[in-house]
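Laboratory data are not the source of any read-out in this text; all were calculated from the coordinates shown. Note that the structure is a prediction, hence the values are computed from the model and not measured. Every residue, glycine as well, gets a Cβ built from its backbone with ideal geometry; the counts of neighbours run over all protein chains shown.
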Amino acid sequence: MAAPTSPALARALHDLEVAMLHVFASKCLAIAGFCVLCYDHSLTFSDEVESIWRQNRSLVSILFILIRYVTPLVLIVDIYDKGGLTHYIPNSFCLGWYYGETAWNLCAFALIHGLVALRVRAIWGRPRWLSATLSVLFAVYFVTTAVIAYKYQIEFGYTVAYNQLFHVCFAQISPHIWACWLPALVFESFLFILTLIKAIEHSRKKINTPVLYVLYRDGIVYFIVICCCSIFNMMVWLLAPPTLVALSKYFVLSIVPAMGSRLVLNLRSSRSDDIMPTGRSTADENAYEMHPSKGLSQKSYGNKVGSFSPKVEVEHRSCPPWIEPA
């Protein structure tokens, strides 16, 4: 007859069972996010070739390439590490990746927030006051987030070690680390308010073009996605047990860059369907590459008529002056 299990041992076994379940759930969500990122990449690769690789290089295209191709490489290492695919990882690697991964997370999200800020500036026509304001707010957001993240990471850096039971690099986290998501939420909320102001203004003036439609549609969808992802991370890090610390982290790192890539590709794809006015508009087509590609022939402008305002018409078979000859 088996000896009765002591309450302490039973509790320890129960905690171990729950921890294993939490680690498994985190692995599944990380792999799911990576699959979503790869699937989205396969769906949009033809658009990427046409809109990015066959066009002239620009700041936006460089940011796009960094987000598009560095993030999957980081996630591959994360899955190898947190997926329990190895029986040994040196503690030195765990500690180095602990800080290196955080550096890329900060840069990746900053690049995406920067892309959104460029879109908002384009919608407003690039006024100097807005450019200065967005630059200052972006710097404050990035520095604040980096200080919060690394302050609490350094404090708990001594806990980083390879866990022989779960075959993962494991570390405790500060109960205050969730605050690193607040600056991004504030910055994105400000950008969203600016977008709504222009959307209402353009709606009242009956201004409508494919480019503006894509800017507003994707801007709203992106804000919803980034808010949900940020709140998800905050809630997990604030309320969940330590064994669930990775539940949201890698999933969010997959979803947000995928959304950022879509922001660029959707806008560039819409340029071929858009006609901009010959007069001055409230949006600057050059601020975020809102002008059609040079590869578009002038003939295509002989079949479409469009305007920002009912008072501004584009003559049939005319090519807007801001289009350079192909």
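Observations
- Among the residues making up the stretch 77-93, those that are of a type outside the set (S, T, N, Q), at negative phi and in contact with a His (Cβ under 9 Å, 6 or more places away or on another chain) are G83, L85, H87, Y88, I89.
- Out of S254, S203, S248, sole residue that is farther than 18 Å from A179 by Cβ, touching a residue at least 60 places away in the same chain (Cβ under 8 Å) and among the small types (G, A, S): S254
- The condition (being within 30 Å of R262 (Cβ to Cβ), touching a Gly at 6+ places or on another chain (Cβ under 6 Å) and not basic (K, R)) is satisfied by just one residue among T195, T133, T144: T195.
- Hits in the stretch 132-182 - residues which are loosely packed, with under 15 Cβ neighbours inside 10 Å, farther than 20 Å from D81 by Cα and in contact with a helix residue (DSSP H, G or I) (Cβ under 8 Å, 6 or more places away or on another chain): V140, P175, H176
- Being aromatic (F, W, Y), in contact with a Phe, Trp or Tyr (Cβ under 9 Å, 6 or more places away or on another chain) and closer than 16 Å to Y250 by Cα holds for only one residue in Y99, Y80, and it is Y99.
- Cβ-Cβ under 9 Å pairs, at least 6 apart or on other chains, the stretch 65-81 side in contact (Cβ under 8 Å) with a residue 60 or more places away in the chain, far side among the basic types (K, R): D78/K249; I79/K27
- If you filter the stretch 194-233 down to residues that are part of a helix (DSSP H, G or I) and among the basic types (K, R), you find that the one that is nearest to N266 (Cα to Cα) is R217.
- Of note, T102 does not satisfy the criterion of being under 18 Å from the mean Cα position of the chain (by Cα), of a type outside the set (A, V, I, L, M, F, W, C) and crowded, with 18+ Cβ neighbours inside 10 Å.
- Filtering L43, L115 for residues that are under 30 Å from T195 (Cβ atoms) and crowded, with 18+ Cβ neighbours inside 10 Å leaves a single hit, L115.
- Test: residue in the stretch 105-121 that is over 15 Å from the mean Cα position of the chain (by Cα) and closer than 18 Å to G219 by Cβ: yes
- Scanning the stretch 153-181 for residues that are in a helix (DSSP H, G or I) and free of Cβ contacts under 8 Å to residues at least 24 places away in the same chain gives I154, E155, Y158, T159.
- Residue, nearest to the chain's Cα centre (by Cα), within the stretch 46-64, restricted to residues that are exposed (fewer than 15 other Cβ atoms within 10 Å of the Cβ) and either small (G, A, S) or assigned to a helix (DSSP H, G or I) (or both): I62
- Given (1) in contact with a helix residue (DSSP H, G or I) (Cβ under 8 Å, 6 or more places away or on another chain); (2) closer than 22 Å to A161 by Cα, number of the condition G100 does not satisfy: (1)
- Residue within the stretch 222-241 that is surrounded by 20 or more Cβ atoms within 10 Å (Cβ to Cβ), in contact with an Asp or Glu (Cβ under 9 Å, 6 or more places away or on another chain) and over 30 Å from L21 (Cα atoms) present: yes
- Residues of the stretch 28-86 that are farther than 24 Å from A103 by Cα and among the basic types (K, R): R54, R57.
- Qualifying residue in the stretch 5-16 (condition: in a loop (DSSP other than H, G, I, E, B), of a type in the set (V, I, T) and free of Cβ contacts under 8 Å to residues at least 60 places away in the same chain): yes
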